[in-house]
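Peer 1: The structure follows.
The values are calculated or read from the model by the stated rules, or taken from the named source; none is laboratory data. Quantities reported herein were computed from a predicted structural model and do not represent experimental measurements. Note that we place each Cβ from the backbone using ideal geometry, even for glycine, and neighbour counts take in every protein chain shown.
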Amino acid sequence: MLRTACVHLRSPLFSRTLIAITLSWLGIFVLTPHLLVMMTSVLTPDTTNFAVWPLTFEAYTRLWEPLYATVFLDSLYLSVTATLFCLLLGYPFAYLLSRLGPVWRNVLLFLMIVPFWTNSLIRTYALKLLMGNRGLFNDLLMGLGLIDSPIQMLYSGFAVTFGLVYILFPFMVLPLISSFDNLDKTLLEAARDLGASAAQRFWRIIVPLTMPGIIAGCLIVFLPAMGMFYVADLLGGARNLLLGNLIKNQFLVMRDWPFGSALSVTLILMMFLMLAVYARANRRIQRKGGLDDANFA
Amino acid sequence: MSVIQLSKVSKRFGGQEVLSALSLSVRQGEFFTILGPSGCGKTTVLRLIAGFEQPDEGHIKLEQTEISKTRAEFRPVNTVFQSYALFPHMNVFENVAFGLKMAKVPKAEIRGRVEEALAMVQLKDFSDRRPDQLSGGQKQRVAIARAVVNKPKVLLLDECLSALDYKLRRQMQIELKQLQRQLGITFIYVTHDQEEALSMSDRVLVMHKGSVQQIGTPREIYEAPSNLFVAQFIGEINVFEGLVEAELPDYSYRVRLAHGGVREVRSDFRFAQGEAVHILLRPEDLRIHYPRTGESPPGFQGKVIERNYTGKTLDSLIQLESGQQLRASEFFDENDPDFDYRINESVWVDWVHGWEHVIPQRPTEHA
């Protein structure tokens with residue numbers, strides 16, 4: 001890979017410098033921290049020095065305690081729910097965008113991207129204000145006469161899911177749009193011509209052919225959702241924990257760095273596992289042009 | 001009996017009229033070709049019949065039933081798309097089975113019919129292949145099998161051979177024609193390739209700017225074009241302008257040619273005295289004589305300015321004294337296989353009386 005990259009750039013010195021900068025950046029800011037985390041995860045916890053010798057796998061055995069399994073499942077539940085809602089909202093949105101003219105499409109994309117210029121932590125605080133007992137949402141509902149007293153929205157699984165969907169929505173939409181753009185519209189005409197109803201066209205043509213976008217979108221939403229501790233911190237109650245909260249607490253509250261690191265390593269491994277599954281699925285789709293009909297019939 | 005009938009169908013896209021009051025009638029079991037230059041609206045006609053577009057005005061009837069409001073998925077017609085539009089996520093078998101599956105045909109019957117259709121297009125052993133593992137010609141055959149397996153009342157083919165190379169295209173033309181005879185299904189074929197249209201069709205409709213120019217058998221279209229557009233679009237043609245001087249018995253007229261000389265011509269059209277006409281002659285209908293010194297054969301004098309050897313014919317470009325250029329095409333004959341022209345050689349051009357086709361210069365109503 002590196003060699004071919006060199007060949008294609010004109011000046012070898014220039015390209016080598018670029019590659020060296022990139023590699024050292026990755027080495028210093030990506031590889032080294034990960035190695036440190038991995039190392040810490042097999043050390044012994046210590047309240048003053050954070051982590052000390054000797055090596056031990058105790059942190060990893062603690063992962064299997066029922067308490068953490070519960071936190072993990074809760075976190076999984078919140079992230080999966082958020083991912084599903086992103087998909088349910090993002091899929092029709094991406095479909096709509098792909099059918100609009102270039103002007104409207106760019107306007108809508110722009111509107112979706114604009115909030116990204118504000119830090120997501122700040123936006124989460126804003127969401128907290130909106131969802132409070134005297135926030136805009138409750139005021140609006142009461143003003144419309146739909147409810148008599150404010151609904152408790154904050155500090156619930158609902159609030160966390162809402163926050164996650166709000167922040168991660170564009171990550172679902174972007175890969176879906178590219179999938180819809182690649183979808184050849186004559187295939188839908190061909191399916192119509194062969195007698196397929198709208199529902200049949202959707203399930204048998206559109207869904208299988210946009211599957212790469214669906215999988216990519218779900219992964220890019222699900223993986224960060226597991227780690228977005230500040231969303232759960234600000235919007236969730238005591239029980240609505242994400243894996244990210246658990247990790248943060250180990251480092252900042254419990255001062256148990258090895259256990260926090262072990263949790264981080266677990267999260268990283270999960271990501272790798274899912275990326276591997278995605279890569280496999282993608283290869284399969286590219287080889288066969290789609291997933292098997294039977295799986296989606 | 002007509003299976004498809006369009007009457008006074010108009011279609012506009014964004015204010016632009018693509019079809020204007022177009023009428024046509026396709027007979028049961030015929031190979032009907034819609035021929036025209038790109039942008040003439042021929043594909044729109046096909047899409048109206050398939051149901052992908054709705055006419056702004058007019059009626060579309062399938063076997064006497066009005067179908068212009070029927071949705072595409074409920075019309076008993078199938079389309080072979082220009083890009084084939086095979087489903088990339090299904091193998092050949094699943095592609096061909098798709099229509100039957102949608103029609104809820106029992107599984108066992110689907111298997112039999114799909115295999116039969118694949119055998120018909122000589123792709124029996126390709127059921128498990130994915131579309132991207134097929135060549136252009138094979139994709140073409142799958143697309144045809146996928147359509148005919150549903151036993152449609154009419155098969156619509158949209159320029160579906162245009163992506164193939166010349167040799168394969170010739171072969172597929174023959175196969176399509178055979179398939180059509182074998183199945184007895186009405187084919188409506190859209191193309192801009194006049195050679196293809198002439199060689200495959202029972203009848204050809206020539207279209208230009210959204211309206212019908214002529215409907216007829218390939219022979220009628222070629223030998224008796226109804227107007228100058230048809231004449232010039234189908235094959236090559238030489239055009240002489242002239243004025244009718246007098247009507248003679250037996251459908252003949254005496255015509256004074258624009259560049260001099262008077263000819264007697266025959267025509268199926270009726271002309272008034274003084275009317276402007278076009279005299280049309282195909283390159284192969286011209287006769288070329290070498291004048292011997294002092295001799296003055298009938299016809300027009302000119303000189304050869306270009307000659308092309310094409311294998312079976314010698315095609316030449318001859319410039320008359322008036323400046324008009326004519327294309328002539330002569331078959332080699334056994335007695336004179338080496339026959340050729342020198343550039344600038346003097347020749348006389350003539351034609352056999354009665355081989356000309358004379359049409360009025362005024363716009364004509366098509367039959």
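Peer 1: Given B:Lys177, B:Lys139, B:Lys69, which one is in the same structural domain as B:Glu196 (by TED's automatic domain parsing), surrounded by fewer than 19 Cβ atoms within 10 Å (Cβ to Cβ), on the phi < 0 side of the Ramachandran plot and not in a loop (DSSP other than H, G, I, E, B)?
Peer 2: One residue alone meets the criteria, B:Lys177.
Peer 1: With region B:181-273 as the region, which strands (runs of 3 or more DSSP E) entirely inside it contain at least 2 residues that are in contact with a helix residue (DSSP H, G or I) (Cβ under 6 Å, 6 or more places away or on another chain), touching a residue at least 60 places away in the same chain (Cβ under 8 Å) and under 30 Å from B:Leu157 (Cβ atoms)?
Peer 2: Numbers: elements: B:186-191, B:203-208, B:211-216, B:238-248, B:252-257, B:262-266.
So the answer is B:186-191, B:203-208, B:211-216.
Peer 1: Looking at region B:106-126, which of the residues that are more than 33 Å from the chain's Cα centre (by Cα) and within 14 Å of chain A (Cβ to nearest Cβ) is surrounded by the fewest Cβ atoms within 10 Å (Cβ to Cβ)?
Peer 2: Residue satisfying both the conditions and the ranking: B:Lys107.
Peer 1: For residues that are over 13 Å from B:Ala143 (Cβ atoms) and surrounded by 21 or more Cβ atoms within 10 Å (Cβ to Cβ), scanning just region B:76-89, find the one that is nearest to the other protein chains (Cβ to nearest Cβ).
Peer 2: Out of the qualifying residues, it is B:His89.
Peer 1: Out of the helices (runs of 4 or more DSSP H) lying entirely within region A:91-177, which hold 3 or more residues that are over 24 Å from the mean Cα position of the chain (by Cα)?
Peer 2: It comes to A:102-113, A:136-143.
Peer 1: Evaluate region A:171-178: report whether one residue or more is closer than 30 Å to B:Cys160 by Cβ and within 13 Å of chain B (Cβ to nearest Cβ).
Peer 2: no
Peer 1: On the given criteria, is B:Gln133 closer than 18 Å to B:Glu175 by Cα and facing chain A (nearest Cβ under 10 Å)?
Peer 2: no
Peer 1: Let me ask something else. Taking region B:44-54 as the search range and keeping residues that are buried (at least 20 other Cβ atoms within 10 Å of the Cβ) and more than 12 Å from chain A (Cβ to nearest Cβ), which one is nearest to A:Leu194 (Cα to Cα)?
Peer 2: Only one residue tops the list, namely B:Leu48.
Peer 1: Can you say whether B:Ile60 is away from chain A (no Cβ under 14 Å) and closer than 25 Å to B:Gly184 by Cβ, as far as the supplied structure shows?
Peer 2: yes
Yes/no per residue for (1) in contact (Cβ under 8 Å) with a residue 40 or more places away in the chain; (2) part of a loop (DSSP other than H, G, I, E, B):
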site	(1), (2)
A:Leu187	no, no
A:Arg192	no, no
A:Gln200	no, no
A:Trp203	yes, no
A:Ala216	yes, no
A:Phe222	yes, no
A:Leu241	yes, yes
